[in-house]
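Written below as structure tokens is the structure these notes are about.
The values are calculated or read from the model by the stated rules, or taken from the named source; none is laboratory data. Predicted model, so just to flag it, every value in this text is computed and none were measured. Neighbour counts run over all protein chains shown; Cβ positions are idealised from the backbone, glycine included. Only protein heavy atoms, including side chains, enter the accessible area calculation; ligands, DNA and RNA are left aside. Shrake-Rupley method; radii C 1.70, N 1.55, O 1.52, S 1.80 Å.
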Amino acid sequence: MFSFSFHSFISLFALLFSLFVSCTGLPLLKLPSTKIHSSTKLLTLICIVGKNVLFLAFSTILCNLIGTLAASVLLFPSFLSQNSSRLNHLNNQRFLIIFFIIIIGNCAGVLSPLGDPPLYMGYTNGVEFKFTFIYLYKIFLVANVYILIIFAFIDLFNAWIYRREQKHHKNRTYELTSSGEKFDERYDLSSAVRIQWNGIYHGVFLVLIIGTVLLKGFNIPLKWPEYVQEIILFIIAIVCICFDVVWTKQTLKQWWKSNYSTRIEPVAEVIVIFVGLFFTMSAPITILSNLNLQFGPKLLFLLSGIFAALLDNAPVYISFAASAAARHNITVDTTDFLATFFAEHETDAIITIRAISAGSVLMGACTLLGNAPNMIIALMATRYTYRLENSMNKSEDEDIPIYRLENVGFIRFMITSCLILTPIFVVIDLFML
């Protein structure tokens, strides 16, 4: 049992670390932001909201190709830059971050085993690659369309409120202004640099990571021994770092000093949390795998989702999948135990794993602890800086203050996401399982 748990978590660690290291070096596209003034027309506000909806809709597709973590790291700065003219409004700022986490960090990844960590763990333990596409596509469409509609209405309301506040301040406008100081261009939303081509080679490492996962999943050319995939992913990450050091003509110590806070620390903090979960969840996995729990799909959806929100969805997925397989005397010590479950009891496996997958992925969006990308995005957000120049108090001798994005807060995120997502959870539980 310990060997199974250790392998499952090492597999997840390797994927998260390699994806984060490679994706944080990819070219960054900063999109232009439409300024909102007191005279801005309603049609312009609708166009601004429409651009955000189209951006998020495109991102949901990308999430299932490269994973929610990689998509979040790659797209988050672009999404912020597209709305940078409203960053001085705290409610707008928090709203954008929270919805990005809900959609891109979680719900968008329910369609593919590469999309979200729990589905990936199911995939590495025997669930077929095509399973999510066949049995979860309706839930994917309903959940994400609902969230995008709610986002559009709230974003339009926030934009309208922002315009109204501009009327009260009359001629006061805020400009994103670059500074002569040296800031990491990737995390400086005021930077005039729209796209950075210097990290384009990281795309090769991203392709290698995804290719490694797919080759292992399809057993090409043969069935892979345990830990081979994990070793390859760690090697890719290390080679990526070494390539960076050579490309930027730095020593390893210099690279570490300049990149630790942005490319290592966020994922390291999340991995520390996972280490704690690894030791605490080994016992529950053992207990659940030996219990004959007769839960229907509706109850499985709710229970797996609630525990996923509180503990993290990846270990919860494995725990409930182990319990479902244990009803047929299939233990997690069996090689690819979920493949055995599907082969011997296909109908029951489809119903239960579908409910567990939907619950653990979707309800992982309810708290920052619910999914690995949630915490990483929240940590990344606090590293972004911007400078606002007030036209009424503009002075050549005056230093322009530097701001950082606010932390969304654990309680605030939990309350907001639960209020937004509860209606769609009820619909899925009553009519789609």
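Looking at the stretch 221-254 only, could you name the residues that are β-branched (V, I, T) and either surrounded by 11 or more Cβ atoms within 10 Å (Cβ to Cβ) or part of a helix (DSSP H, G or I) (or both)?
Of everything in the stretch 221-254, those that are β-branched (V, I, T) and either surrounded by 11 or more Cβ atoms within 10 Å (Cβ to Cβ) or part of a helix (DSSP H, G or I) (or both) turn out to be V228, I231, I232, I235, I236, I238, V239, I241, V245, V246, T248.
Please verify whether S85 is in contact (Cβ under 8 Å) with a residue 60 or more places away in the chain and touching a strand residue (DSSP E or B) at 6+ places or on another chain (Cβ under 9 Å), treating the condition exactly as stated.
Answer is yes for this residue.
Could you check the stretch 109-157 and list, in sequence order, the residues that are closer than 18 Å to F320 by Cβ and either among the charged types (D, E, K, R) or touching a strand residue (DSSP E or B) at 6+ places or on another chain (Cβ under 8 Å) (or both)?
D116
Go over the candidates I139, I150 one by one and state the one that is surrounded by 14 or more Cβ atoms within 10 Å (Cβ to Cβ), of a type outside the set (S, T, N, Q), within 30 Å of T331 (Cα to Cα) and at pLDDT 75 or above.
None of the other options fit; the residue is I139.
Within the stretch 409-431, is there a residue that is of a type outside the set (D, E) and modelled with pLDDT under 85?
no
Being hydrophobic (A, V, I, L, M, F, W, C) and surrounded by 21 or more Cβ atoms within 10 Å (Cβ to Cβ) is the filter here, so list the residues in the stretch 343-368 that pass it.
Of everything in the stretch 343-368, those that are hydrophobic (A, V, I, L, M, F, W, C) and surrounded by 21 or more Cβ atoms within 10 Å (Cβ to Cβ) turn out to be A349, I353, A355, I356, A358, V361, L362, M363, A365, C366, L368.
Condition check: in contact (Cβ under 8 Å) with a residue 12 or more places away in the chain and either among the aromatic types (F, W, Y) or open to solvent by 10 Å² or more (accessible area, probe 1.4 Å) (or both). Does T40 satisfy that?
Answer is yes for this residue.
Examine the stretch 108-122 for a residue that is open to solvent by 10 Å² or more (accessible area, probe 1.4 Å) and β-branched (V, I, T), and state whether such a residue exists.
The answer is no, given that none of the residues of the stretch 108-122 is open to solvent by 10 Å² or more (accessible area, probe 1.4 Å) and β-branched (V, I, T).
A quick yes/no check of all residues on (1) open to solvent by less than 10 Å² (accessible area, probe 1.4 Å); (2) within 20 Å of the chain's Cα centre (by Cα):
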| residue | (1), (2) |
| --- | --- |
| A14 | yes, yes |
| C23 | yes, yes |
| L26 | no, yes |
| L29 | no, yes |
| P32 | no, no |
| K35 | no, no |
| T44 | no, no |
| V53 | no, yes |
| I61 | no, yes |
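Per-residue answers, yes or no, for (1) surrounded by fewer than 19 Cβ atoms within 10 Å (Cβ to Cβ); (2) under 23 Å from L15 (Cα atoms); (3) in contact with a Gly (Cβ under 8 Å, 6 or more places away or on another chain); (4) charged (D, E, K, R):
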{"position": "N64", "(1), (2), (3), (4)": "no, yes, yes, no"}
{"position": "I103", "(1), (2), (3), (4)": "no, yes, no, no"}
{"position": "A143", "(1), (2), (3), (4)": "no, no, no, no"}
{"position": "L156", "(1), (2), (3), (4)": "yes, no, no, no"}
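Starting from the stretch 342-368, take each residue that is of a type outside the set (S, T, Y) and list its partners that are outside any helix (DSSP H, G or I), counting only C-beta distances under 6 angstrom and pairs at least six apart or across chains.
Every condition considered, the pairs that remain are H345/H328; A355/L433; V361/D116; G364/N106; G364/G370; G364/N371; A365/N106.
What's the number of the only condition in (1) surrounded by fewer than 22 Cβ atoms within 10 Å (Cβ to Cβ); (2) more than 30 Å from F133 (Cα to Cα); (3) out of contact with any helix residue (DSSP H, G or I) (no Cβ under 8 Å at 6 or more places or on another chain) that Q82 fails to meet?
Going through the list (1) surrounded by fewer than 22 Cβ atoms within 10 Å (Cβ to Cβ); (2) more than 30 Å from F133 (Cα to Cα); (3) out of contact with any helix residue (DSSP H, G or I) (no Cβ under 8 Å at 6 or more places or on another chain), Q82 breaks only (3).
Can you pull out the residues in the stretch 332-341 that are among the β-branched types (V, I, T) and either in contact (Cβ under 8 Å) with a residue 60 or more places away in the chain or more than 19 Å from Y120 (Cα to Cα) (or both)?
Passing the criteria: V332, T340.
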